[in-house]
There are 2 protein chains.
Amino acid sequence: MGLGLHDEKGITLRGLEEARSSEAIFAEFYTSRLVGARLSAIEDLLGKKVRVLAREEVESGKAILEAASRSRVAFLVVGDPMAATTHVDLRLRARAAGIRTRVVAGVSILTTAAGALGLQAYKFGRTTTIPFPAPGFRPVSPLEAILANRRAGLHTLILLDLREDGTFHGPKEALRQLLDAAEAKGAPEFGPEALVAVLSRVGSPEERLVAGRVRELLHQDLGPPPHCFVALGALHFLEREALEAFAGLPQGV
Amino acid sequence: MGLGLHDEKGITLRGLEEARSSEAIFAEFYTSRLVGARLSAIEDLLGKKVRVLAREEVESGKAILEAASRSRVAFLVVGDPMAATTHVDLRLRARAAGIRTRVVAGVSILTTAAGALGLQAYKFGRTTTIPFPAPGFRPVSPLEAILANRRAGLHTLILLDLREDGTFHGPKEALRQLLDAAEAKGAPEFGPEALVAVLSRVGSPEERLVAGRVRELLHQDLGPPPHCFVALGALHFLEREALEAFAGLPQGV
């Protein structure tokens, strides 16, 4: 079941009903995290204790599947459920164990980000995620997704990784990783002059949107986490106007 | 503000609060439509009358902008707001008139469809929409989106057009349009053997998912509208397993 974004008010009425009528409620906050709600606010809303599972508990699935074999169980995740492979895997194992499951949809960053910026949903190519940098680990897939989308005139939504302790990857560091990768690869299409829109706490009352050239954004206040950003493709005039109005894109860039 | 999918229970708690605290509520149901809720159910939930606008009233924006210049106004749309250009345009005009606006995100078909099928969100290329057929009007862009995505191994979410009177375009007719377009273009990558997953009332309690070859789906019961479908790209083994489990994809195809 999806909790939506930001705080406990992102849940749908359907989700609320389903959770309240469950006998046990589990949650995971390692694939994403609600920054606007303490666990106690969620528990107050649902009228029940919520058991938060660590990554290995979700992956093993033991506690949830055991509880679900006896009674009605809800499993809460941030955003829209089933985006993570682990969730699909868990649902498949429930089915193999003869447990009926139902997905309760939630608000997702994938569409909220486009809408907040006034970008057209059908002009997005594949989404990508930038992981934390690590010695000897320099994935090129995020840059490749951006380049392939750009060649087709499309935007790329870029998500940022999250550590299991709840630390969010920062947008400036991620932009620098992309610049380094583009330089190493010899791909001038993504350089300091590239147009990007950075979103902070999208969908929340504190939402902040900043659009401009990469080199400018590296020196601007991009708001508090969580962030995501969009590497912009070809802009329709209405998209440009929306970016100027709602994300401060400088005119004429 | 997004109403989510299917019925009045798809709204988020944030949306509910915002609508209830508005002095006037407008809605449009021509870009999409809730099949599981009468207008009276929405009005009961919100505790207020809702004024439903026709396409030209949304495009002119007159009634909404006038009301919004005097008081707090909510504008309800199905799914996630700002997916339609008209909504972005309306928001820009509100801003030009000095009216503060806020987007309240909703559940979107774009991510719900992927999650319901167990398909990985980052394996989708651009989304496309198939319009009703009309004499002399044979858009090739839906087929081109599918072909470009397939070449990159990606899935394509395909939405179906809606007439302003509320009639939904049917998935079988849309599949036939695609087959005709592929034959006319000489594109054997999308033919009767192509793998497709059709979704009926996704995100609702009546959700129905059917996956298989196009030629087989043309003779199967695909459930009641609204529909959308996914032209499948390269399948990860977990995606295949999920399609077999939840959408009846025959084994070994």
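The values are calculated or read from the model by the stated rules, or taken from the named source; none is laboratory data. Please read these numbers as outputs of a predicted model, since none were measured by experiment. Neighbour counts are summed over all protein chains in view; Cβ atoms, including those assigned to glycine, are modelled from backbone coordinates with ideal geometry.
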Scanning the stretch A:131-174 for residues that are among the small types (Gly, Ala, Ser) and closer than 22 Å to A:THR31 by Cα gives A:ALA134, A:SER141, A:ALA145, A:GLY166, A:GLY170, A:ALA174
Any residue at all in the stretch A:140-158 that's touching a residue at least 60 places away in the same chain (Cβ under 8 Å), under 30 Å from A:LEU53 (Cα atoms) and either touching a Pro at 6+ places or on another chain (Cβ under 8 Å) or surrounded by 18 or more Cβ atoms within 10 Å (Cβ to Cβ) (or both)? yes
Of (1) modelled with pLDDT of 95 or more; (2) within 29 Å of A:HIS87 (Cα to Cα); (3) at the interface with chain A (Cβ under 7 Å from one of its Cβ atoms), B:ALA83 satisfies every one except (1)
Practice task
Return yes or no: is B:LEU92 part of a helix (DSSP H, G or I), of a type outside the set (Asp, Glu) and on the phi < 0 side of the Ramachandran plot?
Solution key: yes
Pairing a residue in the stretch B:236-253 that is assigned by TED's automatic domain parsing to the domain that holds B:GLU216 and in a loop (DSSP other than H, G, I, E, B) with any residue that is of a type in the set (S, T, N, Q) and surrounded by 16 or more Cβ atoms within 10 Å (Cβ to Cβ), where Cβ atoms lie under 7 Å and the two sit 6 or more apart in sequence or on different chains, gives B:HIS236/B:GLN120
Expected single match for surrounded by fewer than 18 Cβ atoms within 10 Å (Cβ to Cβ) and either of a type in the set (Lys, Arg) or modelled with pLDDT under 95 (or both) among B:ARG91, B:ARG38, B:ARG14 is B:ARG38
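Only one of B:ARG138, B:ARG151, B:ARG176 is outside the structural domain of B:THR31 (by TED's automatic domain parsing) and closer than 23 Å to B:LEU235 by Cα; which? Spell out the reasoning first.
Numbers: B:ARG138 fails: closer than 23 Å to B:LEU235 by Cα; B:ARG176 fails: closer than 23 Å to B:LEU235 by Cα.
Every option except B:ARG151 fails the conditions.
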Being of a type in the set (Lys, Arg) and more than 27 Å from B:HIS6 (Cβ to Cβ): is that true of B:ARG163 here? no
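Hey, among A:ARG102, A:ARG72, which residue is among the basic types (Lys, Arg), over 30 Å from A:LEU195 (Cα atoms) and within 9 Å of chain B (Cβ to nearest Cβ)?
Within the list A:ARG102, A:ARG72, the selection yields A:ARG102.
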If you go through A:LEU34, A:LEU76, the only one that is outside any helix (DSSP H, G or I) and farther than 23 Å from B:GLY118 by Cβ is A:LEU34
Practice item. Report yes if B:VAL50 is within 19 Å of the chain's Cα centre (by Cα), more than 14 Å from chain A (Cβ to nearest Cβ) and among the hydrophobic types (A, V, I, L, M, F, W, C), otherwise no. Key: no
Note on the stretch A:19-35: residues surrounded by 18 or more Cβ atoms within 10 Å (Cβ to Cβ) and within 14 Å of chain B (Cβ to nearest Cβ) are A:ALA19, A:THR31, A:SER32, A:LEU34
Restricted to the stretch B:113-165 and to residues being of a type in the set (Asp, Glu) and under 19 Å from the mean Cα position of the chain (by Cα), the residue modelled with the highest pLDDT is B:ASP161
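Results for (1) more than 12 Å from every other protein chain (Cβ to nearest Cβ); (2) in contact with a strand residue (DSSP E or B) (Cβ under 9 Å, 6 or more places away or on another chain); (3) under 22 Å from B:MET1 (Cβ atoms), shown as yes or no for each residue.
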{"position": "A:GLU183", "(1), (2), (3)": "yes, no, no"}
{"position": "A:GLU207", "(1), (2), (3)": "no, yes, yes"}
{"position": "A:CYS228", "(1), (2), (3)": "yes, yes, yes"}
{"position": "A:GLY233", "(1), (2), (3)": "no, yes, no"}
{"position": "A:LEU243", "(1), (2), (3)": "no, yes, yes"}
{"position": "A:GLY248", "(1), (2), (3)": "yes, yes, no"}
How many residues of the stretch B:67-76 are surrounded by 12 or more Cβ atoms within 10 Å (Cβ to Cβ) and either in contact with a Phe, Trp or Tyr (Cβ under 8 Å, 6 or more places away or on another chain) or charged (D, E, K, R) (or both)? The answer is 6
Would it be correct to say that A:ALA113 is closer than 24 Å to A:ARG14 by Cα, touching a strand residue (DSSP E or B) at 6+ places or on another chain (Cβ under 8 Å), touching a residue at least 40 places away in the same chain (Cβ under 8 Å) and not assigned by TED's automatic domain parsing to the domain that holds A:ALA194?
no
